[in-house]
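J.: Please read through the structure below; I'll follow up with questions.
The values are calculated or read from the model by the stated rules, or taken from the named source; none is laboratory data. Please read all numbers here as calculations on a predicted model, not as lab measurements. Please note: Cβ atoms are built from the backbone with ideal geometry, for glycine as well, and neighbour counts cover all protein chains shown.
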Amino acid sequence: MTVLFHPPGAGTRYPFLGTTMTVKAGERDTGAALSVIESECPPGFATPRHVHHHDDEAFYVLSGAVQVHCEDEAWEAGPGGFILLPRGRPHAFVNRGDEALRMLQLTWPAGFEHFTAEVSALPAGPPDFALLAEIGARHGYEILGPPPA
């Protein structure tokens, strides 16, 4: 593994379900250990409820606020907040604020960036959840249903 440096704003950018995901480090960069992605989510953005079957996931909030739902619990985190979601736990997150949410998403082992790249190739507009579920299944992610109310 070699040293990796990205100045601010650098990395591979993907449009992802109405957000922008910038891959800062992935499988090739970390020897498959870790993926680091900067997420920019507009107000109102929400993920469907889903499960990561092969990787753990963590969020570190840079700006804005995120509401994370995991099983029957929910937390709200602002700048500096950190949430760790072990694999196998159904979860979703929502930007209920009036400003964009920026956070670092870390997943380990690496590979989430491959799912991100494949989803970013879908046509713009509302996602086809059956197709999203099919893509997710190929990468170890199970789409369970709509975002939290």
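J.: Quickly run through segment 33-71 and pick out the residues that are of a type in the set (A, V, I, L, M) and either assigned to a loop (DSSP other than H, G, I, E, B) or touching a Ser or Thr at 6+ places or on another chain (Cβ under 7 Å) (or both).
T.: Those that are of a type in the set (A, V, I, L, M) and either assigned to a loop (DSSP other than H, G, I, E, B) or touching a Ser or Thr at 6+ places or on another chain (Cβ under 7 Å) (or both): Ala33, Leu34, Ile37, Ala65.
J.: Let me ask something additional. Output yes when any residue across segment 59-73 is under 19 Å from Leu17 (Cα atoms) and among the hydroxyl-bearing types (Ser, Thr, Tyr), and no when none is.
T.: Scanning segment 59-73 turns up no residue that is under 19 Å from Leu17 (Cα atoms) and among the hydroxyl-bearing types (Ser, Thr, Tyr).
J.: Condition (residue is surrounded by 16 or more Cβ atoms within 10 Å (Cβ to Cβ), closer than 25 Å to Ala10 by Cβ and touching a strand residue (DSSP E or B) at 6+ places or on another chain (Cβ under 6 Å)) applied to segment 123-136: is it met by at least one residue?
T.: Looking for residues that are surrounded by 16 or more Cβ atoms within 10 Å (Cβ to Cβ), closer than 25 Å to Ala10 by Cβ and touching a strand residue (DSSP E or B) at 6+ places or on another chain (Cβ under 6 Å), one finds none in segment 123-136, hence no.
J.: Look through segment 53-76, keep the residues that are buried (at least 19 other Cβ atoms within 10 Å of the Cβ) and among the aliphatic types (A, V, I, L, M), and return whichever of them is farthest from Glu40 (Cα to Cα).
T.: Here the answer is Val68.
J.: So His54 clears everything in (1) under 26 Å from Ala10 (Cβ atoms); (2) at pLDDT 95 or above except one condition, right? Which one?
T.: (1)
J.: Which one of these is among the charged types (D, E, K, R), in contact with a Lys or Arg (Cβ under 8 Å, 6 or more places away or on another chain) and either surrounded by fewer than 15 Cβ atoms within 10 Å (Cβ to Cβ) or assigned to a helix (DSSP H, G or I) (or both): Glu99, Glu118?
T.: Going through Glu99, Glu118 in turn, the sole match is Glu118.
J.: Right, next: Restricted to segment 49-93, and to residues that are among the aromatic types (Phe, Trp, Tyr) and within 12 Å of the chain's Cα centre (by Cα), which residue is farthest from Trp108 (Cα to Cα)?
T.: Among residues in segment 49-93 that are among the aromatic types (Phe, Trp, Tyr) and within 12 Å of the chain's Cα centre (by Cα), the one farthest from Trp108 (Cα to Cα) is Phe93.
J.: Ala10 - would you say it is surrounded by fewer than 19 Cβ atoms within 10 Å (Cβ to Cβ), assigned to a loop (DSSP other than H, G, I, E, B) and touching a Pro at 6+ places or on another chain (Cβ under 8 Å)?
T.: So Ala10 does not fit the description; no.
J.: In this structure, does Ala74 turn out to be of a type in the set (A, V, I, L, M, F, W, C), in contact with a Lys or Arg (Cβ under 8 Å, 6 or more places away or on another chain) and part of a strand (DSSP E or B)?
T.: no
J.: Shifting gears a bit: Which of the residues that make up segment 68-95 are without any contact (Cβ under 8 Å) to a residue 40 or more places away in the chain, closer than 18 Å to Ala149 by Cα and not aliphatic (A, V, I, L, M)?
T.: Cys70, Glu71, Asp72, Glu73, Trp75, Glu76
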